[in-house]
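Engineer: I have a structure here, written as structure tokens, and I will follow up with some questions on it.
Only the coordinates and a few stated rules stand behind these numbers; no lab work does. The model shown is predicted, which means the values in this text are computed figures rather than measured ones. Counting neighbours? That spans all protein chains shown, and the Cβs are built from the backbone with ideal geometry, glycine included.
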Amino acid sequence: MHDKIPILDGHNDTLTRVFPPTDDSVSRSIIKRDTQGHIDLPRAAEGGLAGGFFAIFVPSETKSEVRSITANDGTTIDALCADPLDRDIARVQAESVLRRTADMFNEADGAIRLVRTVQDIEGCLADNVTACILHYEGVEMLREDLSDLEGDYQRGLRSLGPVWSRSNAFAHGVPFANPCTPDIGPGLTDAGKDLVRRCNDLGILLDVSHLNYRGFMDIAELTTAPVVATHCGVHAICPSTRNLLDDQLTIIKESNGIVGVNFHVEFLRPDGLEDADVPLSVIADHLDYMVDHMGIDHVALGSDFDGATMPEELGDCTGLPKLVDVLRDRGWSDESLIAMAHGNWLRVLGDTWR
């Protein structure tokens with residue numbers, strides 16, 4: 001581990017990279033150092049990445065395409081949109097990733113653990129073991145009656161985002177556009193509202209990343225848990241649909257929730273370009289803006305490793321100490337860095353999980 005500050009990360013797509021949902025026959029290992037992607041266990045140890053939210057994401061069957069859509073303020077924009085995904089296909093592919101992930105834990109001989117409680121995470125931090133929080137990014141694999149949700153909870157699911165950036169039976173995701181408001185489309189469906197209540201009952205974290213504005217507001221009104229965005233940025237800096245407006249940041253603060261800052265360059269850069277020539281100071285700009293708006297207790301990291309384009313200066317998870325150094329140079333205290341790195345996540349998970 002990095003000898004100063006262990007980092008819990010709000011989001012990665014490493015399971016999707018090493019266990020492709022669409023190809024059950026292909027599996028890579030994160031136990032040994034890899035030449036691909038952003039995370040494996042040796043690089044995590046080198047970069048101080050103590051663990052985080054490992055997403056299971058089922059990709060769309062068809063390629064996303066640019067379409068003309070109308071936001072709720074009447075503005076017409078061109079946005080990259082994805083078609084809905086069939087539930088049966090999503091369940092088969094999610095099951096494939098779940099099976100191969102279980103095999104990974106067995107092969108890792110304790111080097112990475114599936115965590116179900118805050119105490120589990122604290123044990124991983126104490127033992128220098130990578131902590132894996134199992135997360136669904138989009139819940140197309142769930143039945144509308146949620147009859148399979150408790151079974152997934154028993155298997156270790158502790159976090160979910162109702163949508164990726166496409167609509168499903170529960171909610172509506174934001175298409176990808178910049179500059180554009182995230183206020184596109186209606187709020188949660190009735191099934192989506194039931195999902196919020198059931199997650200609260202079970203103690204499953206609800207992630208508002210990828211959710212549209214009205215769905216966000218519905219969750220904020222319904223949930224009894226902190227409002228959490230595991231991997232988003234600041235809309236006032238980078239006006240992408242995937243970033244949060246100031247009033248959303250205020251709601252997250254008032255709920256005692258948290259935002260993990262996304263490292264994807266398109267959600268960092270004010271111009272929204274997919275250009276990796278982005279200094280780490282821009283990530284720090286998003287963090288500082290959130291601290292100014294919400295306070296230090298409501299910020300964290302949500303890298304999107306293995307699912308997005310990282311700033312060239314960061315590279316992969318071994319670059320995390322460089323980001324910590326940038327923040328320290330800006331005057332962040334050790335206390336603030338520890339809160340951002342893992343302390344805030346432990347508080348929010350303690351307030352959410354049963």
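Engineer: At a Förster distance of 25 Å, what's the computed FRET efficiency of E107 paired with D148, Cβ-Cβ distance as r, to 0.05?
Structural biologist: Given R0 = 25 Å and the Cβ-Cβ separation, E is 0.40.
Engineer: So, one more: Tell me, what is the percent relative contact order of segment 160-274, built from C-alpha pairs under 8 Å that lie six or more residues apart?
Structural biologist: Relative contact order here is 25 percent.
Engineer: For the modelled label position 7 Å from the Cα of R33 along Cα-to-Cβ, which residues of segment 303-320 have backbone nitrogen atoms closer than 14 Å?
Structural biologist: Residues passing the 14 Å test: 317-319.
Engineer: On full extension of the chain, what length is gained from I69 through E221, given 0.36 nm per residue of separation minus the C-alpha to C-alpha distance?
Structural biologist: Result: 52.1 nm gained on full extension.
Engineer: When Cα Rg over 2.2 N^0.38 Å is calculated directly from the model, which label among (i) 1.04; (ii) 1.17; (iii) 0.90 fits?
Structural biologist: Correct label, based on the coordinates given: (iii).
Engineer: Same structure, new question: Label point 7 Å out from I338 along Cα-to-Cβ: which residues of segment 1-44 have amide N under 11 Å?
Structural biologist: 5-6
Engineer: Cα-Cα over 30 Å: which of K32/K253; K4/K193; K32/K322; K4/K253?
Structural biologist: Violating the 30 Å Cα-Cα cut-off are K32/K253; K4/K193.
Engineer: Which order do peptides 244-256, 212-224 fall in by mean Cβ count within 10 Å, highest first?
Structural biologist: The peptides rank, most packed first, as 212-224, 244-256.
Engineer: Just want to confirm a number: the relative contact order over the chain, from Cα pairs under 8 angstrom separated by 6+ residues, in percent. Show your work: numbers first, answer last.
Structural biologist: Numbers: 797 pairs, mean separation 65.4, N = 354.
Relative contact order for the chain comes out at 18 percent.
Engineer: Per the helix-only calculation at 222 nm, which mean residue ellipticity applies to the chain, given -39500 (n - 2.57) for every DSSP H run of n ≥ 4 and division by its residues, nearest 500 deg cm²/dmol?
Structural biologist: Mean residue ellipticity at 222 nm (helix-derived): -10000 deg cm²/dmol.
Engineer: Modelling each spin label as a point 7 Å along the Cα-to-Cβ direction, I'd like the L80/E61 distance in nm, to one decimal.
Structural biologist: Each label point lies 7 Å from its Cα, and together they span 2.2 nm.
Engineer: I've got another one for you. Subtracting the Cα-Cα distance from 0.36 nm times the residue separation, let me have the gained length for D247 to D325 in nm, one decimal. Could you put the intermediate results ahead of the total?
Structural biologist: Values: separation 78, 0.36 × 78 = 28.08 nm, distance 3.00 nm.
That pair, D247 and D325, stretches by 25.1 nm at full extension.
Engineer: Another question about this same structure. What's the center-to-center distance, using Cα atoms, between segment 188-203 and segment 48-69 in Å?
Structural biologist: What the calculation gives is 22 Å, centre to centre.
Engineer: Something else: Determine the percent antiparallel among the DSSP beta bridges restricted to segment 7-352, to the nearest 5.
Structural biologist: 20
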